[in-house]
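Participant: Here it is: the structure, laid out below.
Nothing in this text is a laboratory measurement; each read-out follows from the coordinates by a stated rule. Since the structure is predicted, the reported quantities are computational estimates derived from the model, not experimental observations. Virtual Cβ from ideal backbone geometry, glycine too; neighbours counted across all protein chains shown.
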């Protein structure tokens, strides 16, 4: 049945291309030449020990961090110092954070409509209508007028997902979306993510949820010391890892 | 330590320890021998100090009539009598707005009857003590004691009547404020104050104009307040109460609408009040038609076109470049002679253009509308300030006394706000030059005392300004205090900005917001909310600092109290009454700052608990 | 896997984030420079029209300023007048800081007292004083002092303490001829004491016996003070040494001044750039520098060179001195430094201290004096004589004002600091079996002090700045003296620059001291 889920998607053209991406923080090299391609409608799960550069990698893709060497091409646009390209890419790439990062001074509805209204310059009524639709999808339409502080962690993360989706992104990045959640809330977030994958969204997910990787991912990448050590389909990756590092990591985590 | 005893859930808490005066004294004053000695010494100090104070205040030689006779001088200085309605109108607007705001946002909270009862009884005790220690006649002492007994009795009754609910917060603060205001109104109608009079050929003359130049023995007489004082206050407080009560009876929906209206009203109220107080422009139609109408129409059309162009979604960067060029033009315009209205409109247009690409797009039509309205309003204000005033006044700036102090403080705080925010943003910026410039400004301004900046404004500014630009004394003081207070404000706001988690900025960036949008929608609202108590503290400090303008020769409240009144000899002599006037000044300043500091404390508590 | 990249052309300048960032910064910087330039040139024009040109001549020329109190009431030059003002400011500030700290600490602790009436009295003090503008309080103290009885012919005599409407006079200890050499002795005693203190601490750590290091240190300072009291003339050899330095400096070529400054500026920028590269270093060589980093490096280098060039240009500017000589700024700097050493040398003159140096009263380092009321002038008016410490009414008003006012703020800081130490600390100390005095001294106070220190430093700074309100009661502090000079000479800009230099020096020194202690306390913490 899991395979059925995946097989309903047909992968499209490459949409994110990274080639030899390097990144330093002062004297620490976080990325040591990462080369990978993600295709449209593909779900890529990135795993690896902490400090391995996996978060830095996906943060480079919407330029929350600027890479220093190599090329990143997102949806045919190369990420350079060009502010116009940065703005364009950021509005096409949604991102969900570990700490939710909802805006505490705005209601849930305002959190979702703010960016479409001012960045996409859409009329207010239209954005509100779409926001309600998204809240239905993530299952909490009744919370629209509450403030983030009044919601549970799982609800907050679902609002954060809705907030990203409101920009109608072509790619969604997830940076450990369930790490800050209590176990009973993880499922509700993962369900939303599964449904999103099912709907054909291109997703890059940094996570420690191996179940999610097995069930949904088209491809799993294993990061260590700033490089991709190993990648492959979940079946291949979890049952027959090639690399010693990968074996060690999996033996520790599973 | 008793509360540390481990008790099963259902067991009742032990009886509270018995209460009583003796036990309270033992616990709070005589817990140890050393504490006992300290208490006795402190009690002696209190008695001695209180007695000295009362003897000073009620000494028949004290010239309290110097204060009462000069009350209008102290409040508004030379403001013309027939224009006093403007002052009352301004006060009235503020009171009604305050009442509506308090009611709409439900500010105030509740008090426990126990607290109220305690405070009243303590107040009664204090008054009784004063009645006994003061230099009063037997009847006066009895009167004091009666007042004390009424207060203490009310307090006692409050405690007893509420009984079990004495510890629940059930008394609204606003009700108590209402009662106090009612009492003030009653007192205004029955109070008798000492005023000076002259006995000329057996006739008592208390009217200043009549007594001027006449020789005679000066005496003090007790008179009630005139109707020109007590009537306006009564009406204003009644209107305030009416506003409060009616807003409280509004439906939730109406209150929500009111809240949305009130914020811009407050913003607009500031210039409107200044206008009411200071300006009654003479409408020179020729001048208005040639310069102002032209300016409004021209700038509306040109600005409208520019704004419509730059706020189209496709014109991002070009818009910012045009805005930058307009900004340069606006700066340059200050170097060449031209009507002021052009300079201000140019500056405003530059700012609008810079904001256009960020906030335009779908809303470009409303941006153009906003610009036309701004241009018209701005021109109107420039016109009213630049043209002669119809209010018949001596000198070129006639507002003085307490009203000048208040105008100075609030103008400076309002003007320093944007500058302070910009400086704070600069200082927390990732761009090193902005950080450097802001840091240099902030440290330079804060490192040097305000009085030197005031002296700079008064000694140096006149020579450094381009020809044709003259700035009056009050504006110079406002300028110096604005630049000074902006540096302090910047440090407060910086604290708020730094308290925002980095994730907020990342989230805004990830949603594609530009830096300006991120600041306006995400970081600033949160930062300002976090520093509201500190900002109130800044208002207090600035209010106290306004007293410094007396050194550079402005006729503010303190200057009148310290230098003007104690030097009066005609029509009545108040020579040497400086201690009385200074004490009055101290009390007035104290009432303002104490109120503000209490508001700040409440806000701190409220925001600390957090509504998030 | 070939993908068409739509926008792989070179980024245009107006869309390059780094360029935009720096362009906007430089744009604003130039805008500000332009604004100041415009104001400055306008000021120069206006002054040219009124025949006043800004300069520093007034520093060495007589300005006709009379000062009501201080070390010199009829200063012969602007610099001297400002010095008097500075010393008056410092007097108020330093003594005020000590007393305000004392009162503030007492009130702050009283505010925490469990004794109800003491607690309430402290609250009343704080809430009254800090909600009334300082200026009102200063005027009030002034009015109070002016209301005191005046001196009469019957008051003539010597007193321990005497008040009148002309001020307050009390007995005081003054520095005397041997003061500076004696200070050197005490300083030596202090360093010896510190060395002893460290040794004793080491001893305590090694053996566990109580070290009594503090006592050793105090004893050392005391011994050196006592010995120095008698032996200070021994140091008179310092005089020729310092005089030799004076001569050496005076003979230096003037080009040395801009060279030193330029070398310093360039060295600083090179040092910064080196440090910057170091911080970007990776194990595999230098890390990647972003465009932004390059901009920073270029800017730092540019700033260093600019300061160096400006130093040479300014060094050539000339100034006319009192004797009509024309000296360049560089020469003036050399003369200033050399004079400083000459002045310092004179302080060690032991041979004819009693006659030569002005203000000497006896041979020792210190002298004790009691105030006198004498009859002076042709009309035989009773007034305070020159002995003892006489505080004028303005001094009393400003001193009492700032001290009482600042104390109320310090009290709140002390209270907050003590309350901020977590309760768990007390409980943990009690659990360890420490005595109350032990845990107060070892646990609570050090932590409270760490919290208190930064805001306390701020209050000291405020106190120093608030002394400038003395101008309102005609107290001759640096601001009041400056205003008088401006009125006499019209040199507003230079005087303002002197004010700024003075107050910035004070604030930087205070924050340097606070930062030093802060860092030390934090090191102790770790």
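Participant: Take the stretch A:35-91, drop everything but the C-alpha atoms, weight them equally and run the Debye formula without solvent; then report log10 I(q)/I(0) at 0.16, 0.19, 0.23, 0.26 Å⁻¹ to two decimals.
Facilitator: -0.54, -0.75, -1.04, -1.23
Participant: Next question. Using only alpha carbon positions, build the gyration tensor of chain C, then give the equivalent ellipsoid semi-axes as the square roots of 5 times its eigenvalues, largest first, whole angstrom.
Facilitator: 45, 38, 30
Participant: Relative to the longest principal axis of the C-alpha atoms of chain B, give the angle of the C-alpha long axis of helix B:113-133, reported between 0 and 90° and rounded to the nearest 10°.
Facilitator: 60
Participant: With the calculation restricted to Cα positions, what are the radius of gyration and Dmax of chain B in angstrom?
Facilitator: 29.4, 89
Participant: What is the helix-to-structure angle for B:316-333, meaning the angle in degrees between its Cα long axis and the longest Cα principal axis of chain B, kept from 0 to 90 and rounded to the nearest 10?
Facilitator: That works out to roughly 70 degrees.
Participant: Relative to the first principal axis of the alpha-carbon coordinates of chain A, what is the inclination of helix A:83-92, with its axis defined by its Cα atoms, in degrees from 0 to 90 and to the nearest 10?
Facilitator: It is inclined by approximately 80 degrees.
Participant: Return the average number of partner chain Cβ atoms within 10 angstrom of each residue Cβ along peptide C:491-497.
Facilitator: Mean inter-chain Cβ contacts per residue within 10 Å come to 4.
Participant: Related question: Rounded, prolate or oblate: which fits the stretch B:190-311, taking a ≥ b ≥ c as square roots of the Cα gyration tensor eigenvalues, rounded meaning a/c under 1.5, else prolate when a/b beats b/c?
Facilitator: Cα axes put the stretch B:190-311 in the oblate bin.
Participant: Provide Rg and Dmax in Å for the protein assembly as shown, with only Cα atoms included in the calculation.
Facilitator: So, for the protein assembly as shown, Rg and Dmax equal 37.2, 121 Å respectively.
Participant: Another question about this same structure. Would you mind calculating the relative contact order of chain C from Cα pairs under 8 angstrom and at least 6 residues apart, reporting the percent as a whole number?
Facilitator: Rounded, it is 25 percent for chain C.
Participant: Further, regarding this structure: Within the stretch A:14-58, which residues have the backbone N less than 11 Å from the label spot 7 Å out from residue A:179 along Cα→beta-carbon, could you tell me?
Facilitator: A:48-56
Participant: Related question: Under 20 Å from a label point 7 Å along Cα→Cβ of residue C:146: give me every residue in the stretch B:53-82 with its amide N that close.
Facilitator: B:57, B:61-68, B:70, B:74
Participant: Then there is this: Please report, largest first and rounded to whole Å, the three semi-axes of the ellipsoid equivalent to the stretch B:64-254, where each semi-axis is the square root of five times an eigenvalue of the C-alpha gyration tensor.
Facilitator: 38, 28, 10
Participant: Shifting gears a bit: In nanometres, what is the gap between the two model label sites at residue B:43 and residue B:192, each 7 Å from Cα along Cα-to-Cβ?
Facilitator: For residue B:43 paired with residue B:192, the spin-label model returns 3.7 nm.
Participant: Roughly how crowded by other chains is peptide B:372-384, in terms of the mean Cβ count from those chains within 10 Å of each of its Cβ atoms?
Facilitator: The per-residue average across the peptide is 0.
Participant: Give me C:406, A:80 ranked fewest to most by other Cβ atoms within 10 Å of their Cβ, as a rough exposure proxy.
Facilitator: A:80, C:406
Participant: Could you order peptides C:326-338, B:41-53 by the average number of other Cβ atoms within 10 Å of their residues, highest first?
Facilitator: Top of the packing list down: C:326-338, B:41-53.
Participant: Right, next: Among A:28, A:222, A:103, which one shows the highest mean-square fluctuation when chain A is modelled as a Gaussian network with alpha-carbon springs under 10 Å?
Facilitator: Taking springs between Cα atoms under 10 Å, the residue moving most is A:28.
Participant: Given a cut-off of under 8 Å on Cα pairs at least six residues apart, what relative contact order in percent is computed for chain B?
Facilitator: Relative contact order comes out at 15 percent.
Participant: Let me ask something additional. If I model a spin label at residue B:312 and residue C:425 as a point 7 Å from the Cα along the Cα→Cβ vector, what separation in nanometres do I get?
Facilitator: Simple spin-label model gives 6.5 nm for this pair.
Participant: Still on this structure: With each label point set 7 Å from Cα along the Cα-Cβ vector, what nm distance links residue C:73 and residue B:221?
Facilitator: According to this spin-label approximation, the distance is 5.0 nm.
Participant: With no solvent and one equal point scatterer placed on each C-alpha of chain A, evaluate the Debye formula and give log10 I(q)/I(0) for q = 0.08 Å⁻¹, two decimals.
Facilitator: -0.31
Participant: To the nearest whole number, what is the average tally of beta carbon atoms from other chains within 10 Å of the beta carbons of peptide A:111-119?
Facilitator: Counting Cβ atoms of other protein chains within 10 Å of each residue's Cβ and averaging gives 5.
Participant: Here's another thing I want to ask about it. Go through B:69-75, B:183-189 and give me the packing order, highest mean Cβ count within 10 Å leading.
Facilitator: B:69-75, B:183-189
Participant: Still on this structure: Give or take rounding to whole Å, what are the principal axis extents of the alpha carbon atoms in the stretch B:395-612, in descending order?
Facilitator: So the extents along the principal axes, rounded to whole Å, are 74, 49, 27.
Participant: Oh, and also: Tell me, what is the FRET efficiency for residue C:376 and residue B:147 to the nearest 0.05, using R0 = 56 angstrom and their Cβ-Cβ distance as r?
Facilitator: Between residue C:376 and residue B:147 the formula returns 0.50.
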